[in-house]
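A quick write-up on the structure given underneath.
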Amino acid sequence: MSQSTLATLAAALAWVALIAYAVLGGADFGGGIWDLLASGSRAERQRAVIARGMGPVWESNNVWLIFVLVVTWTAFPTVYAGISTALFIPITLAVIGIVLRGAAFSFRSNYGREVGSGVRWGYVFSIASTITPFLFGTIAGALASGNIRVSTGPPLQVQDNPWTTWTTPFALTCGLFAVALCSVLAATYLTIDARKAGDDAVAEDFRLRALVAGAVTAALGALAAVLAISEAPTLWQGLIGKALPFAIAAVVIGLATAAALLRRLDYLARVLVAAETACIFLAWGVAQWPYLIVPDVTVDNAASPASVLGPLLIVSVLGLVILLPSLWYLFTVVKRTPRRSTPSVGTGVTTAAFVASLPLADPDVPPPHTAPLSAQASAVVLPALPGGPTMQRIAPVLAALFAIAAAPLITGIFEGMSRGMHRGMQQGLERVQRRRNQRHRSAHAH
Amino acid sequence: MNSEVAARASLAVSLAFHIVFAALGIGLPLMFCIAEGIGLRKRDATWYVLARRWSRAAGILFVVGAVSGTALSFEFGLLWPRFMAFGSGIFGLMFTFEGFCFFLEAIFLGLYLFGWDRLSPRTHWLCSFPVVITGALASQFILSVNSWMNTPTGFTLTNGTATNIDPIAAMFNPMAPSQAIHMLVAAYQVTGFTIAAVYAAGLLRGRNNSYHRRGVLLGMLVAAAMIIPQAIAGSWIGEALARNQPQKLASIEGLFQTTAHAPLALFGWVDTAAQQIYFAINIPDMLSFLAFNHFDATVTGMDAFPQNTWPGPVLVPIAHLAFDTMATLGGLFLLVPLVFWFFYFRQHRAVPTARWLMWVLLICSPLTFVALEAGWVTAELGRQPWIIYNIMRTSDGVTTNGGVAFFFFVFLAIYIALAIATIALLRRLAREHKTFNPEKKVVGSAE
């Protein structure tokens with residue numbers, strides 16, 4: 001493949017990861033925003049739904065951000081270095097927000113909200129969750145504005161005004177738009193979570209919030225587009241040109257999301273709002289193409305050589321093949337109802353219950369660690385491997401990763417299958433029973 | 001505070017903070033994996049309680065490690081944009097591998113933490129294996145980046161840019177295997193000693209039950225299992241330094257003249273101006289032996305290199321002291337588990353609970369962290385003034401932005417606050433369970 005194709009693919013990879021971060025991680029920020037805005041007599045119940053929904057998944061959602069960063073600095077070193085230099089202030093503030101958000105969420109849930117320090121960490125969590133996406137939005141706005149001049153060097157030289165680049169009306173509107181988008185995502189997802197938890201009142205709260213936030217998002221999006229005409233002309237030209245289909249799709253899907261929410265089609269709304277977010281990011285990316293930092297840095301002039309991009313893409317695609325099923329497994333397992341309601345209270349008793357619930361002694365459990373052990377071994381042996389084509393040398397690492405993911409996944413899938421079969425059998429039996437009853441009844445009627 | 005000093009201080013604070021959580025994040029999964037495995041096999045509730053508690057602690061530590069790691073991945077660019085512009089294409093692939101490992105670790109740790117009540121016991125136990133292995137692998141890739149800064153390979157330098165980039169060759173740079181294994185084993189040692197210390201403290205307070213005894217036992221088991229690997233890794237890294245970075249070895253050993261029969265100077269203050277080392281304990285021929293396995297081997301001294309490539313009058317003595325601190329403590333950590341297991345077998349396979357031994361274990365735990373930090377300080381200061389050895393000076397990699405000093409103080413404050421909060425939380429977690437006595441409550445119902 002040519003250098004240019006590889007660079008395009010790498011940019012697409014970064015963009016896909018960015019969309020994943022927006023759709024998944026954005027909702028976690030939104031959770032924090034709704035935590036801050038929780039109100040009325042059901043405020044605590046709303047907060048509980050948010051905490052339950054985020055708890056198990058926010059950390060892996062957060063890793064998408066790291067993935068975006070890593071792909072960016074590997075494939076486009078000058079973009080990463082240039083953005084970090086030009087937007088030092090908003091990025092520093094965003095990092096502070098990310099650190100405080102994550103730590104505070106974990107501290108709060110471990111302290112329990114009622115306790116004094118739990119409440120304090122709760123505020124840190126929700127305020128940091130609101131500020132961080134705002135800063136990300138302003139960063140995005142600044143990149144499109146054309147106010148950052150980069151000479152790729154060497155040495156790399158960056159010129160911009162560190163204070164005004166990200167505080168133009170356009171960039172600030174982008175920041176608010178990001179906050180609004182996060183809140184729509186979160187509110188839509190939380191409607192389902194609350195409905196599942198059997199709390200219809202809270203579900204209605206979130207449905208209403210999703211609709212209001214959706215309207216706000218639409219208004220801010222329109223405002224940003226209008227401001228772009230003068231402040232980010234390259235972006236605007238792209239939006240009414242090559243990115244027009246995506247822009248229109250975003251608007252249409254946005255309206256469809258609102259309609260789905262109005263008609264209480266929660267699950268449809270969830271899919272639509274995720275699709276809408278993806279369309280917004282695609283519209284932004286395509287409109288700005290081929291610029292990564294307008295007007296000096298493009299996908300082609302910033303890309304690493306093919307010898308870097310090739311392995312990066314191979315590793316990433318194979319990595320995602322392992323990652324996505326694992327992620328799917330995580331999302332399905334945490335949605336299961338736990339066997340007990342309060343896992344961490346009274347360890348003595350609960351552990352006894354846990355041990356009692358173990359299946360009968362099963363001494364000939366096959367040693368499940370053979371694959372991971374050999375994986376470990378190959379990781380140790382790796383440095384000693386002789387040279388050769390790239391794939392041959394990466395292969396053992398990939399094989400190791402596969403083995404790692406495979407062991408619990410296979411067990412998990414088997415477990416899921418046996419569960420499904422069990423449920424299916426039960427339903428079948430019930431159906432037979434019901435039919436028999438019906439026949440009985442109709443026979444009696446005759 | 002100028003930009004370079006501030007940037008170095010900022011990254012030093014962040015890494016010094018992160019390394020603690022990273023080490024425990026690598027080691028604790030191994031501990032709860034073993035504990036749960038024994039619990040599953042022996043159908044023993046006490047092991048389960050141990051595993052479950054460690055997993056909760058690991059959950060808290062992992063979050064702090066993950067957020068400080070996320071912060072680090074921004075800090076590289078914020079503080080060292082020119083270094084990243086030059087090198088991130090070369091070592092980016094290692095971070096990509098590390099990223100996937102970390103991703104899988106986060107996923108399976110999530111499964112482990114939230115799966116106690118949702119998965120079958122066996123599946124749940126299996127979920128700990130990916131956490132153990134991805135944690136260990138991730139450390140290997142990160143250390144590979146660090147060792148690349150020491151022995152940069154996999155590219156050709158033309159007019160200040162890197163060409164002919166081979167990311168795989170960069171990954172397997174000469175210092176990579178020894179550094180990576182040394183760190184991984186150290187992480188297990190730190191965790192083993194820390195776990196042992198936590199339960200030694202309980203035993204010292206009179207809570208002599210199987211729960212506490214097993215905590216000490218498993219901690220010491222891991223610490224003992226690491227004796228041989230660490231002895232090998234330690235001498236391996238010394239030899240690798242002598243071969244690949246003789247200047248770094250000379251700096252951290254305070255060896256000024258190239259000489260055969262080089263003595264090993266323990267402690268003392270290195271004076272780079274007078275080219276002397278004061279108050280040191282000299283062991284004749286030892287450095288030659290450590291570096292080349294011969295008592296008469298010639299070891300390169302600092303005189304072989306121009307003065308403007310020395311780490312400097314302040315950093316050399318600090319690196320030397322840090323190295324000796326690590327090495328001395330390292331020896332202690334090889335000895336203590338031996339003593340423990342000696343008494344274990346002499347008492348016919350009963351966990352020794354003598355108060356003096358418990359005190360030793362209690363003191364060893366903070367010392368393992370001291371050794372960990374000292375080792376890292378040695379590795380980083382010994383490389384100065386280079387950020388990429390012989391390629392780019394640290395002062396050429398730093399950001400041109402002002403305001404780095406402000407960045408430093410803000411992050412210092414945040415990390416101090418996080419450290420205090422984490423310790424408070426872990427203490428709370430420990431208190432929650434301290435009344436737990438397996439002999440009274442569980443054994444009957446477990447059968």
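Looking only at segment B:194-252, filter to residues that are over 28 Å from residue B:22 (Cβ atoms) and outside any helix (DSSP H, G or I); which one of those is modelled with the highest pLDDT?
My answer is B:205.
Take the residues in segment A:134-191 that are in a strand (DSSP E or B) and within 12 Å of another protein chain (Cβ to nearest Cβ); name whichever of them is surrounded by the fewest Cβ atoms within 10 Å (Cβ to Cβ).
It comes out as A:159.
Within segment B:389-435, work out how many residues are crowded, with 19+ Cβ neighbours inside 10 Å, in a helix (DSSP H, G or I) and of a type in the set (A, V, I, L, M, F, W, C).
8
Being more than 23 Å from residue B:317 (Cα to Cα) and touching a residue at least 40 places away in the same chain (Cβ under 8 Å) is the filter here; which residues of segment B:279-303 pass it?
Residues satisfying the conditions are B:292, B:293.
Quick grid of which residues meet (1) of a type in the set (Lys, Arg); (2) out of contact with any Asp or Glu (no Cβ under 9 Å at 6 or more places or on another chain); (3) assigned to a helix (DSSP H, G or I):
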{"site": "B:287", "(1), (2), (3)": "no, no, yes"}
{"site": "B:327", "(1), (2), (3)": "no, yes, yes"}
{"site": "B:340", "(1), (2), (3)": "no, yes, yes"}
{"site": "B:345", "(1), (2), (3)": "no, yes, yes"}
{"site": "B:352", "(1), (2), (3)": "no, yes, no"}
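Just one of the numbered conditions (1) surrounded by fewer than 24 Cβ atoms within 10 Å (Cβ to Cβ); (2) in contact (Cβ under 8 Å) with a residue 40 or more places away in the chain is not true of residue B:93; which one?
The failed condition is (1).
If you check residue B:183 against the conditions, is it of a type in the set (A, V, I, L, M, F, W, C), within 13 Å of chain A (Cβ to nearest Cβ), within 22 Å of the chain's Cα centre (by Cα) and surrounded by 24 or more Cβ atoms within 10 Å (Cβ to Cβ)? Steps first, please.
Details: of a type in the set (A, V, I, L, M, F, W, C): yes; within 13 Å of chain A (Cβ to nearest Cβ): no; within 22 Å of the chain's Cα centre (by Cα): yes; surrounded by 24 or more Cβ atoms within 10 Å (Cβ to Cβ): yes.
When the stated conditions are applied, residue B:183 does not pass them.
For segment B:76-92, which positions are in contact with a Phe, Trp or Tyr (Cβ under 9 Å, 6 or more places away or on another chain) and facing chain A (nearest Cβ under 7 Å)?
B:77, B:78, B:81, B:84, B:85, B:88, B:89, B:92
Would you say residue B:199 is closer than 30 Å to residue B:349 by Cα, free of Cβ contacts under 8 Å to residues at least 24 places away in the same chain and aromatic (Phe, Trp, Tyr)?
Against the criterion (closer than 30 Å to residue B:349 by Cα, free of Cβ contacts under 8 Å to residues at least 24 places away in the same chain and aromatic (Phe, Trp, Tyr)), residue B:199 qualifies.
Go over the candidates B:324, B:285, B:296 one by one and state the one that is surrounded by 13 or more Cβ atoms within 10 Å (Cβ to Cβ), touching a strand residue (DSSP E or B) at 6+ places or on another chain (Cβ under 9 Å) and farther than 25 Å from residue B:384 by Cα.
Result: B:285 is the single residue among B:324, B:285, B:296 that is surrounded by 13 or more Cβ atoms within 10 Å (Cβ to Cβ), touching a strand residue (DSSP E or B) at 6+ places or on another chain (Cβ under 9 Å) and farther than 25 Å from residue B:384 by Cα.
Taking segment B:387-404, which residues are away from chain A (no Cβ under 12 Å) and touching a residue at least 40 places away in the same chain (Cβ under 8 Å)?
B:387, B:388, B:389, B:390, B:391, B:394, B:395
I'm told residue B:239 meets every condition in (1) within 14 Å of residue B:334 (Cα to Cα); (2) surrounded by fewer than 21 Cβ atoms within 10 Å (Cβ to Cβ) except one. Can you identify the failing condition by its number?
Failed condition: (1).
Is there a residue in segment A:85-101 that is under 16 Å from residue B:71 (Cα atoms), facing chain B (nearest Cβ under 9 Å) and in contact with a strand residue (DSSP E or B) (Cβ under 8 Å, 6 or more places away or on another chain)?
Within segment A:85-101, one or more residues are under 16 Å from residue B:71 (Cα atoms), facing chain B (nearest Cβ under 9 Å) and in contact with a strand residue (DSSP E or B) (Cβ under 8 Å, 6 or more places away or on another chain).
Limited to segment B:109-122, what total is found for residues that are surrounded by fewer than 24 Cβ atoms within 10 Å (Cβ to Cβ) and either aliphatic (A, V, I, L, M) or free of Cβ contacts under 8 Å to residues at least 12 places away in the same chain (or both)?
6
Of everything in segment B:371-388, what is closer than 24 Å to residue B:313 by Cβ and in a helix (DSSP H, G or I)? Give them in sequence order.
Selection gives B:373, B:374, B:375, B:376, B:377, B:378, B:379, B:380, B:381, B:382, B:383.
Of the conditions (1) more than 19 Å from the chain's Cα centre (by Cα); (2) buried (at least 24 other Cβ atoms within 10 Å of the Cβ); (3) facing chain A (nearest Cβ under 10 Å), residue B:35 satisfies every one except a single condition; which number is it?
Looking at each condition in turn, residue B:35 falls short on (3).
Looking at segment B:43-68 only, could you name the residues that are surrounded by 23 or more Cβ atoms within 10 Å (Cβ to Cβ), small (Gly, Ala, Ser), facing another protein chain (nearest Cβ under 8 Å) and under 20 Å from residue B:21 (Cβ atoms)?
B:66, B:68
With the requirement that a residue be closer than 24 Å to residue B:102 by Cα, in contact (Cβ under 8 Å) with a residue 24 or more places away in the chain and of a type in the set (A, V, I, L, M), what does segment A:20-71 give you?
Selection gives A:20, A:22, A:23, A:24, A:27, A:51, A:54, A:57, A:65, A:68, A:71.
I want to confirm something. Restricting to segment B:125-180 and keeping residues that are more than 10 Å from chain A (Cβ to nearest Cβ) and among the β-branched types (Val, Ile, Thr), which single residue is nearest to residue B:55 (Cα to Cα)? Reasoning before the result, please.
Here is the first cut: in segment B:125-180, the residues more than 10 Å from chain A (Cβ to nearest Cβ) are B:135, B:138-139, B:142-143, B:145-153, B:156-158, B:175, B:179.
Subset that is among the β-branched types (Val, Ile, Thr): B:142, B:145, B:151, B:153, B:156, B:158.
On the way: B:142: 24, B:145: 29, B:151: 37, B:153: 39, B:156: 46, B:158: 50 Å.
It comes out as B:142.
Of the conditions (1) buried (at least 21 other Cβ atoms within 10 Å of the Cβ); (2) at the interface with chain A (Cβ under 8 Å from one of its Cβ atoms), residue B:21 clears all except one; give me its number.
So residue B:21 meets the others, but not (2).
The values are calculated or read from the model by the stated rules, or taken from the named source; none is laboratory data. From a predicted model like this one, the values you see are computed outputs, not experimental measurements. Reconstructed Cβ throughout: ideal geometry from the backbone, glycine too, with neighbour counts over all protein chains shown.
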